[in-house]
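S.K.: Please find one structure pasted underneath; my questions will follow.
Nothing in this text is a laboratory measurement; each read-out follows from the coordinates by a stated rule. Since this is a predicted model, take the numbers as computed values, not measurements. Using ideal geometry, Cβ is built from the backbone for each residue, glycine included, and neighbour counts are taken over all protein chains shown.
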């Protein structure tokens, strides 16, 4: 699962078409056991059009009844460490998760509430990947790009910090 391609389609047909069996095979190849929870978390992440928070994942049918939040968090940490899931956000309490794919998406993260929005534009760093590879000799160069700002909702509440992130 390398970040070979980038696209700007917010509905991402490429992500939706990846067969669940391929995701499970990648997890197995990374040394993870194929548990019911792993399967369900992968299904939920694959069905989403945007990164999801731990709270959203833990509320999903088939996840909320099978484990406590600490177990889900540990699974997400293992998936991230194996390079199968990408954590997006400022810190753990506002973290959102998405599957790593054969391409990548770029995001903007609200510094106040932690919301994550997909950037629906061409990636400004993609052209640099080739140049970085040329100059350094590195192969399979990729990147992750996140911008940070204040979302429109929080900007409308200027002066008030979100207590869940303070």
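S.K.: What number results when the radius of gyration of the stretch 107-153, computed over Cα atoms, is divided by 2.2 N^0.38 Å?
M.R.: Scaled against compact globular proteins, the figure is 1.49.
S.K.: Same structure again: By average Cβ neighbour count within 10 Å, what is the ranking of 76-86, 118-128 from highest down?
M.R.: Top to bottom by mean Cβ count within 10 Å: 76-86, 118-128.
S.K.: Can you compute log10 of I(q)/I(0) for the stretch 5-156 with the Debye formula, treating each Cα as one identical point scatterer, at q = 0.12, 0.13 Å⁻¹?
M.R.: Here the Debye-derived log intensity ratios amount to -0.55, -0.65.
S.K.: Shifting gears a bit: Just need the relative contact order of the stretch 5-156 here, percent rounded to a whole number, with Cα pairs under 8 Å and 6+ apart.
M.R.: 23 percent
S.K.: Under the classification rounded if a/c is under 1.5, otherwise prolate if a/b is larger than b/c and oblate if not, where does the stretch 73-137 fall, given a ≥ b ≥ c as square roots of the Cα gyration tensor eigenvalues?
M.R.: Judged from the Cα gyration tensor, the stretch 73-137 comes out oblate (a/c at least 1.5, b/c at or above a/b).
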